[in-house]
Amino acid sequence: MPEPVILVTGANGQLGTAIRSLSSLYQQFQFIFLAKDDLPIHRFDLVEQYFKKTLPAFCINCAAYTAVDKAETERDLAMQINAEAVGILASACKAFNTKFIQISTDYVFDGTATVPYKEDSTTNPVNYYGATKLKGESLCFEQNNESIVIRTSWVYAEYGNNFVKTMIRLMKERSSLSVVNDQIGSPTYAIDLAKVLLDIIAGSKSGKTAWIPGIYHYSNEGIISWYDFATTIKELTQSNCNIQPVPATMYPTPAKRPAWSVMDKEKIKSVYHIVIPAWKESLAVCISHLQNK
């Protein structure tokens, strides 16, 4: 029998690239990686044809419109990618008996909490990007109640555009930087998240763990500000750049950001028996890879 197929959309993004980098460790599966030009996931007819041809056993949707500030003006495009396309993929997965994982965000919350958000905490996005991702979650379950949605936060990796790479570049270019210290959350190393997704799939295929639909939260362990994140990047890269903490009001942006977006991860840890690395450990791994490139 041929190996079951895992279809990964948004293959050129940070998470899609991370899954690709780990795929050789999961040889019991065949992988298909689709970038946005390979399959317009907002078109049901094309998605249906593609599923009919490839019959994937699993689909991980890493495709997303992630330009948070631009989403305030490019509303139709953000909604098409983050919500409508999710409903279409979820519907195709149901029709072809494909297990579906959708990636969502901490930005579905308004950031007014003082304790970590649980999966069933009240959602109330403060920006349009968050609203489109929340709509994507609801369309996902409307079309396919066997889906898994994983919310994550502050994603970074060796590739793509992210806070870690930007800070490393700016610390080389400038003698001082100001970084926001009143937005609190938890970073996520894309490789760690990719491994969890593939382990959930591998466990359910082998029968080691059950496929349990619903919403889960995943980030690395630890609660920090962007300023804490930047100062640790400085330490790990041995930069001499001076980093100043500043309030978010110093940097007005078109889209509002939640001040607190820490998520409770007990559910994913207990259901799928995973140990989540501390954010500093994973950051050190990523920076070491960047330095060895």
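No value in this document is a laboratory result; all are computed from the given coordinates. Since the structure is predicted, the reported quantities are computational estimates derived from the model, not experimental observations. Glycine also receives a Cβ, built like all others from the backbone with ideal geometry; neighbour counts cover every protein chain displayed.
Among A85, A67, A194, the residue with the largest mean-square fluctuation in a Gaussian network model of the chain, with springs joining Cα atoms closer than 10 Å, is A67. Listed by chain and number, the lysines whose alpha-carbon sits under 25 Å from that of K94, ignoring those within fewer than 8 places in the same chain, are K36, K52, K53, K133, K135, K195, K205, K208, K267.
Farthest towards the positive end of the charge dipole of the chain, among the residues V180, N145, N162, is the Cα of N162, using unit charges on the Cβ of Lys, Arg, Asp and Glu. Bridging of K172 to lysines at a Cα separation below 28 Å is possible for K70, K234, K280, K293, once same-chain residues fewer than 8 apart are set aside. Two numbers describe the Cα atoms of the chain: Rg and Dmax, which are 18.9, 59 Å. For the chain, adding -39500 (n - 2.57) for each run of n ≥ 4 DSSP H residues and dividing by the number of residues yields -12000 deg cm²/dmol at 222 nm. Of Y218, Y26, the sequence from fewest to most neighbouring Cβ atoms within 10 angstrom is Y26, Y218.
Could you line up E158, E173, E142, E48 from fewest to most neighbouring Cβ atoms inside 10 Å? Present the calculation step by step, with values, prior to reporting the outcome.
Working: E158 22, E173 9, E142 12, E48 15.
Fewest-to-most ranking of E158, E173, E142, E48: E173, E142, E48, E158.
Look at the dipole of the chain built from charges on Cβ: of A67, S206, S225, the Cα furthest out on the positive end belongs to S206.
Exposure proxy for L89, L22, L283, L7: other Cβ atoms within 10 Å of each Cβ, ordered fewest to most, give L22, L283, L7, L89.
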